[in-house]
Amino acid sequence: MPSVRIAQLALLATLVVGLVALALSWNDSRHQQNLGVSVVGSVATLVPHGPELCAGPIGLGEPADAVTFNPSAQPPDTPALEVVIRNVNTGAILAEGGVKAGFNPAEPQTANLTPTVSTAHDISLCIRDVGARDVSIFGVPGGGLACANAHGGGAECSFGHALSTTTTLHVGVGGRLVAGQISAVFSSPPISIGTLLRNTFAHASLFRPSFVGSGFWWALLVVLLLGVPTLLVRSIRALYDEDTARSGERE
Amino acid sequence: MSLWEALVDRTTRMRELVRRAQPRAARERTRGRTARRGRPGTRVPRPLALLLVAVALFGVAWALLDPPFQSPDEDVHFSYVQTLAERQALPGSGPNALSDAENGLATATGAGPEELGAAPMQMSTTVDRHYLAQLTHESQSDGGGNNNASGYPPAYYLLDTLGYELAGPQASIIDHFYAASLFSIVFLLLTTIGVWLLAGELTGRRRELQLVAAACVGLWPMVTFISASVNPDALLYASWTWVLWMGVVILRRGLTARRGAAFAGLIALAMLTKASTLALLPAAIFVLAVGMWRLRRRAIQRALIAGGLTLAVFAIPVATWDVAAHLAAHHAGYGQTTVITGPIRSFNIREFLSYVWEYYLPRLPGQQPHYLDLPVISSYPAYEVWVASGWAAFGWVDVWFPHGIYPLFLAITILVGVASAAKLARVTLHNRRSPQLLAQGVPIAIFFALAFIVLLGGLHLSEYNMGGPFNQGRYLFPLAGLAGCAVALALTVLPRRLLPAGVGVVLGGLVVFQFACLGLEAGFYYA
């Protein structure tokens, strides 16, 4: 078999095997959306059967059927927690869930939500202590209170002030603003790789020039998957053509 | 015959045999194609042209996929470009470190300074909607103050201003930012061309090795990632690669006034891009000294003219910038050098050597532990920094593959290193009596070694002086051209009949690696 064919086949075989391996290695079928907030310290402490802590508004990228957050209390009698997802504008309850008493305070806790929260409304995540002991909710504490009270002003204030968050997140306990942001991760039901790509491309079209939309990403994916291998296969062809031509010229 | 040409010679003989075995009609066809395309040397070789299109496509993907300011120090680098474009002034005198518009975009996308080290952001339609609603109210010209990049030399930023301006005078900061990122791909293409030329000079234009070397750099995801973001390293990689090429040209073919001027111009460009180019000067001085030494008997006047011109082409722009920086922005032109020279920490040679030892070798009994780096993949610094973060550490060095992948990267690195070293040793031994080895092979080896050792030494000195984590694998990328050539050289250990398959596997592997890294990036920010 000529060298050029061997090189081209080797390229295509490597490509196919590699891409199949990449596709098979994908096993993270649950979409996760976090609030971009680190777990640094206690943001607020909730008292038994006291006011609830609410953080919002949160714009979900995908429907969510669970939320994971970071409560901490004195073990072993850690209290049960009630989790409510509300419409941030009307306060209507969209979904409910909870964390059972006796949870491990060293680990993030997940509350399954019923029903699944849709993406139709901006939401707030509300947590209430329904046990017998105090519980702290963790995230990035402190800072930003003045900005949060300002309701506008600079760009930073427009976006939940300059803390490590990507949402316009304000945290309040019993309606009173708290300085800080809570850390939370929303999980979605398992999705197919096609849905994952569609969502990814939709998210990757935000904060982009106007010509970058989902269609652009699909087109680019096709060009990369088909165009680049074609270019390299032709490059190999040209390589050996050129070698032959150079030999011919020397003759 | 140089040690490299020994390789070429054998292949040329092989090609000749293949050519003679080819039917006459086929030879006529290829000759006809060559005549239509023009003579070699007057056109871009077709394999390179096709590779450049592939590199550009991946460059576009990286430029647009990466969220705003999510590559190292991209916020301050973009601020520099924005300051030049919007204020027509060097940064340093403006009212804010970053403009309102930049602060707004950074905050909205979770890339503000407070977000560093936080969990990855998720793009939110809510935030996008709120952001776009008030986008027009934010000024793009009220930045220009001091920040981490404001003391950098201006070459990259000035050139990237062209990209920024292409977005149009009324463009939003999003358009300006991505126009600047996309324009930076030009430097990625220049880097790729530089590696092609360098490999051509070293291998006697052995095309398959040129293609492999150039592809290894142009399609290397970390190189694409940095080069397709707003970062002066894009031009630094290109200019260093071209300097390496021109240095080899001078060492192989001799110093002339034109070559000297080109060499010096490229070094000056690199200096005006980033002060770390100081590490290239000993190697450059070596090339110039060898070139002039060889001319001394034949034409002392020519030697002096070539040397003088080289110095002038280098010194005039480099000194001009230093003066301009003092006058216009009231800072040193190459202020980054304070990382090494500044009195951050008193230098203790014993302590420094101990630190370097621990970087590469296991700690000895009784040896003081040094704070070397933040272990993500491994607590063994040489592996963590030079290998792991050189292969894949995106974002602000916070986007990594699962840890289990990196031993594979290490194994490939060792394999390539051993194979290329073995080949080099074999060819050197085979040609040990050849006068070409002393005349060309040894000077080229010294040139490369000086560039590598001084750069590596400077990086270690910087890190030691700072007393904390500083180095990243990408800091060695100015020498990426050598790495590309090493891969090409490693391929030649394969039996002759397997070489084409090796070329195909490397190219295919690079494309798969690109997809894996783009997928990693997309999953981290958007999935």
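Take the residues in the range B:476-501 that are free of Cβ contacts under 8 Å to residues at least 60 places away in the same chain and part of a helix (DSSP H, G or I), then tell me which one is surrounded by the fewest Cβ atoms within 10 Å (Cβ to Cβ). The extreme case among them is B:ARG497. A:LEU225 passes every criterion in (1) at pLDDT 85 or above; (2) in contact with a Cys (Cβ under 7 Å, 6 or more places away or on another chain) apart from (2). Of the residues in the range B:411-420, none is at pLDDT below 90 and crowded, with 19+ Cβ neighbours inside 10 Å.
If the condition is being out of contact with any His (no Cβ under 8 Å at 6 or more places or on another chain) and crowded, with 19+ Cβ neighbours inside 10 Å, then the range A:181-196 contributes A:GLN181, A:ILE182, A:SER183, A:ALA184, A:VAL185, A:PHE186. Candidates in the range B:46-81 are the residues that are more than 21 Å from the chain's Cα centre (by Cα) and farther than 25 Å from A:PHE216 by Cβ; of these, the one that is farthest from the other protein chains (Cβ to nearest Cβ) is B:SER79.
Does B:GLY104 satisfy the condition of being part of a helix (DSSP H, G or I), modelled with pLDDT of 80 or more and within 8 Å of chain A (Cβ to nearest Cβ)? For B:GLY104, the condition - part of a helix (DSSP H, G or I), modelled with pLDDT of 80 or more and within 8 Å of chain A (Cβ to nearest Cβ) - is met. If I filter the range B:269-281 for residues that are modelled with pLDDT of 95 or more, farther than 26 Å from B:ASP75 by Cβ and of a type outside the set (A, V, I, L, M), do I get at least one hit? There is no residue in the range B:269-281 that is modelled with pLDDT of 95 or more, farther than 26 Å from B:ASP75 by Cβ and of a type outside the set (A, V, I, L, M). If you go through the range B:500-512 and keep only what is out of contact with any Cys (no Cβ under 9 Å at 6 or more places or on another chain) and more than 8 Å from chain A (Cβ to nearest Cβ), you end up with nothing.
How many residues are among the charged types (D, E, K, R) and touching an Asp or Glu at 6+ places or on another chain (Cβ under 8 Å) if we restrict to the range B:464-505?
1
Kindly establish whether B:MET246 is touching a Lys or Arg at 6+ places or on another chain (Cβ under 7 Å) and modelled with pLDDT of 90 or more. Yes; evaluated as a whole, the condition is true for this residue. Once the range B:201-244 is narrowed to residues that are in contact with an Asp or Glu (Cβ under 8 Å, 6 or more places away or on another chain) and among the polar types (S, T, N, Q), the residue that is farthest from A:LEU239 (Cα to Cα) is B:ASN231. Can you find a residue in the range A:10-33 that is of a type outside the set (A, V, I, L, M), part of a strand (DSSP E or B), buried (at least 20 other Cβ atoms within 10 Å of the Cβ) and under 25 Å from the mean Cα position of the chain (by Cα)? Yes, the range A:10-33 contains at least one residue that is of a type outside the set (A, V, I, L, M), part of a strand (DSSP E or B), buried (at least 20 other Cβ atoms within 10 Å of the Cβ) and under 25 Å from the mean Cα position of the chain (by Cα). If I filter the range A:115-128 for residues that are in contact (Cβ under 8 Å) with a residue 24 or more places away in the chain, out of contact with any strand residue (DSSP E or B) (no Cβ under 7 Å at 6 or more places or on another chain), at negative phi and more than 14 Å from chain B (Cβ to nearest Cβ), do I get at least one hit? Within the range A:115-128, not a single residue is in contact (Cβ under 8 Å) with a residue 24 or more places away in the chain, out of contact with any strand residue (DSSP E or B) (no Cβ under 7 Å at 6 or more places or on another chain), at negative phi and more than 14 Å from chain B (Cβ to nearest Cβ). With respect to the stated conditions, B:PHE447 is part of a helix (DSSP H, G or I) and touching a Gly at 6+ places or on another chain (Cβ under 7 Å).
For the range A:149-170, the criterion of a residue being among the β-branched types (Val, Ile, Thr) and modelled with pLDDT of 90 or more is satisfied by no position.
Within the range B:232-289, being over 20 Å from the mean Cα position of the chain (by Cα) and of a type in the set (Lys, Arg) holds for B:ARG252, B:ARG253, B:ARG258, B:ARG259.
The set of residues from the range B:426-440 being in a helix (DSSP H, G or I) and either hydrophobic (A, V, I, L, M, F, W, C) or without any contact (Cβ under 8 Å) to a residue 40 or more places away in the chain (or both) comprises B:ARG426, B:VAL427, B:LEU429, B:PRO435, B:LEU437, B:LEU438, B:ALA439.
Of the strands (runs of 3 or more DSSP E) lying entirely inside the range A:43-90, those containing at least 3 residues that are modelled with pLDDT of 90 or more, farther than 24 Å from A:LEU206 by Cα and under 25 Å from the mean Cα position of the chain (by Cα) span A:64-69, A:81-87. Taken over the range B:163-204, residues that are farther than 30 Å from B:HIS137 by Cα, free of Cβ contacts under 8 Å to residues at least 40 places away in the same chain and of a type outside the set (A, V, I, L, M) amount to 1.
The values are calculated or read from the model by the stated rules, or taken from the named source; none is laboratory data. What you see is a predicted model; the values in this text were computed from it and never measured. Cβ atoms come from the backbone with ideal geometry, glycine included; neighbour counts cover every protein chain shown.
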